[in-house]
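Heads up: the structure comes next, in structure tokens.
A short reminder: the numbers here are calculations on the coordinates, not readings from a lab. Quantities reported herein were computed from a predicted structural model and do not represent experimental measurements. We place every Cβ from the backbone using ideal geometry, glycine too, and count neighbours over all the protein chains shown.
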Amino acid sequence: MTTNQALQQRKEAAVPRGLGIAFPFYAEKAKNAELWDVEGNRYIDFIGGISVLNTGHSHPKITAAVHAQIDKFSHTAAQIACYEIYVELAERLNAAAPGSTPKKTVFFNSGAEAVENAVKIARAYTGRHGVIAFDGGYHGRTVFTLALTGKMTPYKQKFGPMPGGIFRIPYPAEVLGVSEEESLKALKMRFKTDIDPSQVAAIIFEPVQGEGGFHAMSPEFAQKLRKICDEHGIMLICDEVQSGFGRTGTLYATEQLGIEPDLLTTAKSLAGGYPLSGVIGKAEVMDAPDPGGLGGTYTGSPIAVAAALAVMDVFEEENLLERSKQIGERIAAFLQEQKESGISIIGDIRYKGAMLAFDIINADGEADADKTKALIAHAKDNGLMLASCGMYGNTIRIMVPLTVENEILEEGLEIIAKALNA
Ligand code: PMP
């Protein structure tokens, strides 16, 4: 029988260490919110392929749509011979996007590629180069998106110098000790010290920071950003790669901010496990690049597009936006109970829908990354996959499929309770 250990040895010999892996086990099969390794060990999956599986592992409806598409064709290159489902998915995403301005959508493979292209489109439309991003933001691993990313270790280490024209401001979050006034002041200061607003193509932000620790932007702050962008002709880009597709209880977290972005990036749970990302934006802005300026060999793969159409159907049929809210409420109540029962290592608990995270702190109330690691290891030994995030590595984030059965959710929470008590 293949063992995890044998595979780990082969991995170490064949794959560079830069691809660090969270757990020393190898997946054999997975179903909804459960995963089995090659030795037959079962895990409850609260990571969901890093927030990709809001519709669970191998949802039968999505799998069937993929099978049906493979039997027709698997690749033509959308920019050589396009296909109806590409257009249909664009139409559905345009109709579902926040704001009433007519929209257009173009597809890519990964979140990073969507972000890169959103910036390209913003530059083409404005004729400017500068981009403002936030501390703690995460936008991808390509060189430009790394430059936008506001977290050094482990992402940017050794990969510099980064491209120019990118300026960063603090992300407002009470728990990080950054007020909204401070953040706005920093933006105004950047305009004085680094780049005139007339040279800024875009401000990019995550409505809820993902890798940065699940910090949500307030509607008031987002509206102020919108106003500043309008005053200076700057494109506002919402990066919804992680917060989108139902994670926060609405299709996009932006809907809860009361603003219309110029451009929005989506990926991860959009296609339920198949590589697909998109840039959705105001039609006039989206049309700024010339024909041939956008694309890529595999972009908008028919297999991934077929999966995404099925994902959208599943969201409606299974009422997953409502389910997202229920899951968030249930987990928050569970954590609150744990805290009240005397588990003092639980710090701040924050959530929007099922986009929920909690901090692990020491007796002095400071970030405790070691205890966070220990909690994740304990959970793993008891059959639960948990992930961390945050600037200080002390945030546990829950990304359980929204399709999770109640029994499995409760079983996962019991394992967390056991780990917290240990
Ligand atoms: N933007 C955000 C907000 C993300 O969370 C991520 C991935 N964690 C990305 C962009 C990059 O996506 P990908 O890994 O698919 O390139």
Quick check: the distance between the Cα centres of the range 128-163 and the range 256-277, to the nearest angstrom?
20 Å
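Please work out the FRET efficiency for the pair Asp313 and Glu411, using the Cβ-Cβ distance as r and a Förster radius of 35 Å; give the result to the nearest 0.05. Don't jump to the answer; show the numbers that get you there.
On the way: r = 28 Å, r/R0 = 0.81.
The pair Asp313/Glu411 has a calculated efficiency of 0.80.
Let me have the 222 nm mean residue ellipticity of the chain computed from DSSP H runs of 4+ only, each contributing -39500 (n - 2.57), with the sum over all residues rounded to the nearest 500.
On the way: 13 runs with 161 residues, N = 422.
After summing the helix terms and dividing by the residues of the chain, the value is -12000 deg cm²/dmol.
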Gain on full stretching of the segment that runs from Asn41 to Lys192 - 0.36 nm per residue minus C-alpha separation
48.6 nm
Need the list of lysines near Lys192 for cross-linking: C-alpha distance under 26 angstrom, and skip anything on the same chain fewer than eight residues off.
Lys120, Lys151, Lys224, Lys227
Cut-off 10 angstrom, C-alpha nodes, Gaussian network model of the chain. Which of Leu294, Leu409, Leu236 fluctuates the most?
Leu294
Quick one: if you stick a label point 7 Å off each Cα along the C-beta vector at Arg10 and Asn94, how many nm between them?
4.7 nm
Placing each pseudo-label 7 Å from Cα in the direction of the beta carbon, Glu84 and Asp370 end up separated by a distance in nanometres of 6.2 nm
Segment Asp348-Lys29, extension gain: residue separation times 0.36 nm, minus the distance between their alpha carbons
111.4 nm
Amide H of Asp135 versus every other amide H placed in the peptide plane: which residues, excluding those fewer than 5 positions away on the same chain, fall under 5 Å?
Ile169, Tyr171
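Output the direction-averaged projected area (hull surface divided by four) of the convex hull of the alpha-carbon atoms of the chain, in nm². Each step should come with its number before you reach the end.
On the way: hull surface 83.5 nm².
So the Cα hull casts an average projection of 20.9 nm².
Among the listed pairs Lys185/Lys352; Lys268/Lys325; Lys31/Lys380, which have their C-alpha atoms separated by more than 24 angstrom in this model?
Values: Lys185/Lys352 27 Å; Lys268/Lys325 19 Å; Lys31/Lys380 18 Å.
As for pairs spanning more than 24 Å Cα to Cα, those are Lys185/Lys352.
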Would you work out the relative contact order for the chain, in percent, from Cα pairs under 8 angstrom that are 6 or more residues apart?
22 percent
According to a simple spin-label model (label point 7 Å from Cα along Cα-to-Cβ), what is the distance in nm between Ser179 and Thr76?
5.8 nm
Taking R0 as 51 Å and r as the Cβ-Cβ distance between Leu19 and Thr101, the FRET efficiency 1/(1 + (r/R0)^6), rounded to the nearest 0.05, comes to 0.80
Distant-in-sequence amide H partners of Glu28 (H built 1.01 Å from N, under 5 Å)
Trp36, Asp37, Val38
